[in-house]
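Encoded as structure tokens, here's the structure I'll be asking about.
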Number of protein chains: 2
Amino acid sequence: MSDTIDLTTPSVDPESWTCPAPLRDQSRIVMGHGGGGTLSAELVRHVFAPAFGGDALAQLGDSAALLLGGVRLAFSTDSFVVRPLFFPGGSIGDLAVNGTVNDLAMSGARASYLSCGFILEEGVEMERVARVADALGRAARAAGVEVATGDTKVVESGHGDGIFINTAGIGLIPDGVDLRPQRVVPGDVVIVSGPIGVHGVAILSVREGLEFGVEIESDCAALGGLVGAMLAVTPDLHVLRDPTRGGLAAALNEIAAASGAGVVITEREIPVPQAVAGACAVLGLDPMYVANEGKLVAFVPREHADAVLDAMRAHPLGRESRIIGEAVEDHPGMVVARTGLGGTRVVDMPIGEQLPRIC
Amino acid sequence: MSDTIDLTTPSVDPESWTCPAPLRDQSRIVMGHGGGGTLSAELVRHVFAPAFGGDALAQLGDSAALLLGGVRLAFSTDSFVVRPLFFPGGSIGDLAVNGTVNDLAMSGARASYLSCGFILEEGVEMERVARVADALGRAARAAGVEVATGDTKVVESGHGDGIFINTAGIGLIPDGVDLRPQRVVPGDVVIVSGPIGVHGVAILSVREGLEFGVEIESDCAALGGLVGAMLAVTPDLHVLRDPTRGGLAAALNEIAAASGAGVVITEREIPVPQAVAGACAVLGLDPMYVANEGKLVAFVPREHADAVLDAMRAHPLGRESRIIGEAVEDHPGMVVARTGLGGTRVVDMPIGEQLPRIC
């Protein structure tokens, strides 16, 4: 058949790949293709990017920096399929705003406008739709972004799952700001804005009847203000990333791979709340791979690191910011953790997803 | 319960409504809420708009015209849940590009960038995903728009329906162009760019085993070029609308309601292909209510009507353009058709959807 695509023979230059493995022998979509790890990257690189062409290869899966009418814009989209719709600390409505606002913030842009597309399942309670819409509106006002345009589709019962939401967002990138992994150089300091693993564990705690004794609330928040405070110190930050699906491990691996620098982190410096560590121990998860929704990781030139850290700690969403490592010349493209025992271990890119549908 | 919303008591000013009926006693989402008719309008006006606030009330469900960094932008979004994924004349990939490109075109904007969010169902064949991506990429290149950013989520088998796609788009609105129903005045000439009802009937022809003897291909196309040719005659067009869900009837009713003008159309001037008329007769459908995906309706100042019509007919997508009616002072907000028998009939806003999931 002429329109059958041989997925083992990609049409892009193999030399340009940064994903560590070829596309697996998979003739069907598996949950891991939505996990933000290696499988997601392969789907983009082998299927979407060659089909879409243009600069999409470099930009898919991230916020795009565009020039339109002489103005520098960030443009990003995310779909939200979290289960359940309401969880400790938030809802799909909060995620739909903060997820996209944060993608824009990682370009240095303050989100100005959001689009909002609902895919509703026939039979879902109107009151649930209204509660989600209310949460979305409140989150938008809190983030200072306007919902400017929308769309609603309905699918038959059994062909959806209550409420799916897509948001896309646009915002201006300030002059002098150029946040890209390619700007990372050895010596850059790696800062994380607070405790990790909280969002994923909060979702798990209300799913499948799991309980951990302590209620863990999602850290879901809009990071535009925190990023603004950091850029006020210097526009010369090198790269920002919000470690959502795939967690801190995926974010650091993406930056290492795209920058060509090595990354070393010190395990004991990584802030993991006791409740998250406990839940992860029970479930056999590594907090480094668990999703966050209100945290960021920054690669900052060494000369600005202390001032940026001070500015982060002065912001309500960055009070527990910490330096966790640095970019190095050794092991280019690879993330290595110094363990508590004086050894090191490689922090791999996750393949699929430990926790499906956490956003 | 304090968070139960009384849907019979809207929190917006009743005087500002344009929907003809109050929200029905519906505690659950029905298919019609996604149909682009009265039920869709009520969901937006009673649930989404009050929750989102701002200018959303006026703009939801349409392309938004925004000012960002001193530049006039159009911003729009649509989700696509068409069933089946491939149909005569196109696929969900073509729709995902053309639907959003056309929403922007109705603001006079040429689409520059698209975002693209996939919600895939676990188990869907990779080859289908690749074929859809290929169609989407081809449609984007044909429309001259770049897919700049994307996202992929996967939901468990039985919680989706193969492939859902959301696209959002941005484009520049040219100087001097101001397309809004509020600009319609009595005397404006109503032009349709070609035969109606084709897309909806094409979808139906391959669904549920229906066959009509003649293969009807969807008219799915990107209208940016046609709109550009019209605006080259004069930037002073009053309003454009692509009659998708709810068909020509919904588009004309939306314009009449928002403008406060009456609209009169002449039934025999409305181009309905023989095959569409035949299929509609068999199924008990009215072609006026059947979705289109590559047509537009324009309200044009009388002095420019002939020149605009000539320009439309000179464009490949407007060869069969026709004047079908005019805006009038009588019956404000209402659409009336002159029938073949010398009488008139009211063309109502559809309530729900004759043909679910046609886009």
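Quick check on the stretch B:313-332. Is at least one of its residues more than 30 Å from B:G89 (Cβ to Cβ), modelled with pLDDT of 95 or more and among the small types (G, A, S)?
yes
Here are some residues: A:G90, A:G37. Which one is more than 10 Å from chain B (Cβ to nearest Cβ) and modelled with pLDDT of 90 or more?
After ruling out the rest, the residue left standing is A:G90.
Open to solvent by 60 Å² or more (accessible area, probe 1.4 Å) and in contact with a Pro (Cβ under 6 Å, 6 or more places away or on another chain): is that true of B:E329 in this structure?
yes
Within the stretch B:113-132, track down each residue that is more than 7 Å from every other protein chain (Cβ to nearest Cβ) and β-branched (V, I, T).
Matches in the stretch B:113-132: B:V132 only.
Taking interchain pairs and intrachain pairs at least six residues apart, which have beta carbon atoms under 7 angstrom, with the first residue in the stretch B:36-53 and touching a residue at least 40 places away in the same chain (Cβ under 8 Å) and within 25 Å of B:L248 (Cβ to Cβ) and the second of a type in the set (K, R) and assigned to a loop (DSSP other than H, G, I, E, B)?
B:G36/B:R245
I need a count of the residues in the stretch B:311-343 that are in contact (Cβ under 8 Å) with a residue 40 or more places away in the chain and closer than 25 Å to B:V185 by Cβ.
Counting residues in the stretch B:311-343 that are in contact (Cβ under 8 Å) with a residue 40 or more places away in the chain and closer than 25 Å to B:V185 by Cβ gives 21.
Taking B:H304 as the residue in question, decide whether it is modelled with pLDDT of 95 or more and out of contact with any helix residue (DSSP H, G or I) (no Cβ under 7 Å at 6 or more places or on another chain).
No: the conditions fail for B:H304.
So, in the stretch A:283-293, of the ones that are surrounded by fewer than 23 Cβ atoms within 10 Å (Cβ to Cβ) and under 19 Å from the mean Cα position of the chain (by Cα), which residue ends up modelled with the highest pLDDT?
A:D286
Go through A:A298, A:A311, A:A250 for me and flag whichever is over 19 Å from A:T100 (Cα atoms) and not assigned by TED's automatic domain parsing to the domain that holds A:G32.
Criteria check complete, one pass: A:A311.
Can I ask one more? Among residues belonging to the stretch A:259-276 that are open to solvent by 40 Å² or more (accessible area, probe 1.4 Å) and in a helix (DSSP H, G or I), point out the one that is nearest to A:M349 (Cα to Cα).
Filtering first and then ranking leaves A:E267.
Moving on to the next point. Please give the number of the condition A:G225 fails out of (1) assigned to a loop (DSSP other than H, G, I, E, B); (2) of a type in the set (G, A, S); (3) open to solvent by 10 Å² or more (accessible area, probe 1.4 Å).
(1)
Output the residues belonging to the stretch A:235-258 that are open to solvent by 10 Å² or more (accessible area, probe 1.4 Å) and under 19 Å from A:R183 (Cβ atoms).
A:P235, A:D236, A:H238, A:R241, A:D242, A:N253, A:E254, A:A257, A:A258
A further question follows. Given B:D25, B:D3, which one is part of a loop (DSSP other than H, G, I, E, B), out of contact with any Asp or Glu (no Cβ under 6 Å at 6 or more places or on another chain), at pLDDT below 90 and facing chain A (nearest Cβ under 8 Å)?
That would be B:D3, the only listed residue that is part of a loop (DSSP other than H, G, I, E, B), out of contact with any Asp or Glu (no Cβ under 6 Å at 6 or more places or on another chain), at pLDDT below 90 and facing chain A (nearest Cβ under 8 Å).
Using the structure shown, decide if B:E217 is touching a helix residue (DSSP H, G or I) at 6+ places or on another chain (Cβ under 9 Å) and either among the acidic types (D, E) or not assigned by TED's automatic domain parsing to the domain that holds B:V336 (or both).
yes
Taking the stretch A:153-169 only, how many residues are at the interface with chain B (Cβ under 7 Å from one of its Cβ atoms) and either touching a Leu at 6+ places or on another chain (Cβ under 6 Å) or of a type in the set (F, W, Y) (or both)?
2
Can you give me the number of residues within the stretch A:64-88 that are assigned to a loop (DSSP other than H, G, I, E, B) and within 24 Å of B:V71 (Cβ to Cβ)?
The total comes to 2.
Which residue pairs have Cβ atoms closer than 9 Å, lie 6 or more positions apart in sequence or on different chains, and pair a first residue in the stretch B:257-285 that is over 25 Å from B:V239 (Cα atoms) and in contact (Cβ under 8 Å) with a residue 40 or more places away in the chain with a second residue that is open to solvent by 60 Å² or more (accessible area, probe 1.4 Å) and among the acidic types (D, E)?
So the pair list comes out as B:A275/B:E215.
Quick one: A:Q59 ticks every box in (1) modelled with pLDDT of 55 or more; (2) open to solvent by 30 Å² or more (accessible area, probe 1.4 Å); (3) at the interface with chain B (Cβ under 9 Å from one of its Cβ atoms) except a single one, so which number is it?
(1)
Oh, and also: If you check B:L172, B:L114, B:L95, which single one turns out to be touching a Cys at 6+ places or on another chain (Cβ under 7 Å) and either modelled with pLDDT of 95 or more or acidic (D, E) (or both)?
Result of the check over B:L172, B:L114, B:L95: B:L95.
The values are calculated or read from the model by the stated rules, or taken from the named source; none is laboratory data. What you see is a predicted model, and the numbers here were worked out from it, not measured in a lab. As a convention, Cβ positions derive from the backbone with ideal geometry for all residues, glycine included, and neighbour counts pool all protein chains shown. Heavy atoms of the whole protein, side chains included, go into the accessibility calculation; ligands, DNA and RNA do not. Shrake-Rupley method; radii C 1.70, N 1.55, O 1.52, S 1.80 Å.
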